[in-house]
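Take a look at the structure below.
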Amino acid sequence: MNVRPAAAPAAASSVASSALLATVGIGVQGVAKLLVTVVVGRVFGTETLGQTTALLSLSVFVALLWPNAAGNTASRYLAIALRGRHSDAAVNRLLGLSMLVSTLVLAAVTVPVALAWGNGPGTVLGGVAVVVGYGLYCYARGAQLGYGRAPKVALWDGVTSVLALGLLVLACVARLEPFVLLPLAIGYTVFAVACWPRGNGFGPAAREPVGGVLGFAGWNVLAVVTSNGLLQLTMISAQVTVSAHDAGVYAAAFTLATPASMLGQALGQVLVPAFAHRTDGGSLRSRGAVLLVVGFAAGTAVVFGLVALLAGWFLPIVYPAEGAAAVADLRYLMVGVWVFTVGLVPAALLLAAGRSRQVALASVAGFVVGAVLMAVLGPVAGGGRGDDGVPRGECGEPRGGGGARDASRESVTCRRRLVPWADGPRANLAAVRISAHHSAAGAPAAAR
């Protein structure tokens with residue numbers, strides 16, 4: 001089959017429009033996922049909400065173990081091949097084969113995990129399906145953005161989101177509680193089929209270099225697992241360490257806070273292919289890069305701040321049963337998610353320059369800090385009775401304005417105060433917040 005060569009995207013002027021379209025597309029998918037959890041919570045109750053959100057978090061987490069990194073790798077190497085006007089067939093074959101193997105492995109691993117959480121066969125089936133579908137979605141989305149096809153990505157994001165919500169309505173009407181995850185899984189799979197990379201249309205060369213592709217992806221796995229993974233692990237931790245009701249309360253806050261990070265993810269996905277062809281693609285010393293990071297941080301601070309400020313009003317509306325109890329968790333979680341989101345932009349610039357190793361090392365540093373704090377603060381926060389009040393870690397902002405290099409050296413102080421009720425996941429939020437700051441500060445420093 002002859003494929004018409006894909007057109008290389010226009011330089012600077014197309015980055016903003018591509019970022020907007022990618023944000024709209026990933027935002028639509030985020031809203032669809034949010035509506036799924038809202039409908040599940042309202043129709044089937046708090047316990048089902050907790051189980052559903054935990055399996056969704058599992059799908060996101062296991063996608064970090066290869067599909068997400070494969071998508072990031074495709075976005076960079078397919079963009080380089082497109083701009084160099086040479087075939088990407090060898091890269092597509094290599095990454096496609098890796099996706100086949102990883103999909104089978106991750107699906108097999110999901111089954112015992114879902115069963116260990118006490119899910120029935122139908123729910124386990126839905127969990128496996130959403131793990132497979134979301135992984136394929138991540139890879140196909142990254143590949144299409146590598147081709148500069150943000151409009152196509154946004155279109156299929158919208159189509160498959162509507163499809164998933166329509167199927168969810170049918171599942172609710174038929175009271176198919178064990179299968180509430182299948183609509184999302186079908187939507188992700190349809191997107192993957194429609195957007196799977198089929199080559200840029202340039203004739204294959206006698207020898208197509210693929211050296212460094214798997215190495216780049218391997219370092220990216222370490223980076224995304226340690227940066228994104230800690231956030232998802234808080235939801236999984238809640239599911240396995242606290243009661244079903246408390247996990248549902250935390251899920252209410254979690255499902256409203258984490259979609260906000262999609263702003264950074266969408267921009268990062270566009271920046272990687274847009275800057276991949278530049279010799280200074282990962283430089284964070286340029287005035288343009290500094291303005292991009294600072295402007296994005298300021299803009300998202302306003303958005304995240306409004307969400308935290310209005311949490312007491314809209315959470316009880318969205319989740320009548322859990323909303324009031326989840327307000328404090330949501331406000332606390334928004335801080336960590338904001339720092340994590342801002343850190344995605346300099347990380348994307350480093351990935352564009354092929355510096356996945358530097359991104360990985362910075363992310364590991366943040367993960368270690370967060371994991372240690374989670375282990376230390378978790379037993380303290382969860383060890384008291386709800387009516388007595390328990391100590392929790394409340395983390396202060398890093399002091400000093402000396403930039404990322406200086407900020408990474410600043411100590412973050414935590415003070416203990418009593419709250420009128422106890423929940424184990426709250427300590428995890430403190431760990432995520434401090435870890436996110438550590439990773440965000442480390443990524444720019446690695447580029448210098």
Subject >> Inter-site label distance for residue 16 and residue 301 at 7 Å from Cα along Cβ, in nm >> reply: 2.3 nm
Original post:
residue 100 label point, 7 Å along Cα→Cβ, cut-off 17 Å on backbone N: hits in the stretch 57-83?
Top reply: 67
Original post:
Where does the charge balance sit around residue 220 when Lys and Arg score +1, Asp and Glu -1, over other residues with C-beta under 14 Å from its C-beta?
Top reply: +3
**OP:** Before anything else, pin down the relative contact order of the stretch 121-196: Cα pairs under 8 Å, at least 6 apart, normalised by residue count, whole percent.
**Re:** 55 percent
Original post:
So, with a 1.4 angstrom probe, what is the percent of accessible area on the stretch 311-374 that is carbon and sulfur?
Top reply: 74 percent
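Loop only by DSSP, 16 or fewer other Cβ within 10 Å of the Cβ. Give me the trypsin sites (Lys or Arg not before Pro) in the stretch 20-123 that pass, ordered by residue number.
Of the trypsin sites (Lys or Arg not before Pro), the ones in loops of the stretch 20-123 whose Cβ has at most 16 other Cβ atoms within 10 Å are 85.
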Original post:
What are the semi-axes of the equivalent ellipsoid for the stretch 6-98, taken as the square roots of 5 times the Cα gyration tensor eigenvalues, largest first, in whole Å?
Top reply: 35, 19, 8
Original post:
What is the Å³ per residue value for the convex hull set by the Cα atoms of the stretch 95-144?
Top reply: 57 Å³
Original post:
Roughly how many percent of the accessible protein surface of the stretch 41-118 is carbon and sulfur, given a 1.4 Å probe and a whole-percent answer?
Top reply: 66 percent
Subject >> Ordering of 117-130, 261-274 by burial proxy (mean other Cβ atoms within 10 Å per residue, highest first) >> reply: 261-274, 117-130
Subject >> Cα-based Rg / Dmax (Å) for the stretch 50-176 >> reply: 16.6, 53
Subject >> Fraction of accessible area attributable to carbon and sulfur, the stretch 147-199 (%, probe 1.4 Å) >> reply: 78 percent
Original post:
What percentages, rounded to whole numbers, describe P(r) for the stretch 130-255 computed over all alpha carbon pairs with 5 Å bin width beginning at zero?
Top reply: 2, 9, 12, 14, 18, 18, 12, 7, 4, 2, 1, 0, 0
**OP:** Mind putting together the pair-distance distribution for the stretch 157-204? All Cα pairs, 10 Å bins, whole percent per bin, short to long.
**Re:** 26, 38, 20, 10, 5, 1
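The values are calculated or read from the model by the stated rules, or taken from the named source; none is laboratory data. Being a predicted model, the structure only gives us computed values, none of them experimental. Neighbour counts are summed over all protein chains in view; Cβ atoms, including those assigned to glycine, are modelled from backbone coordinates with ideal geometry. The area values use the complete protein model at the heavy-atom level, side chains included, leaving out ligands, DNA and RNA. Shrake-Rupley method; radii C 1.70, N 1.55, O 1.52, S 1.80 Å.
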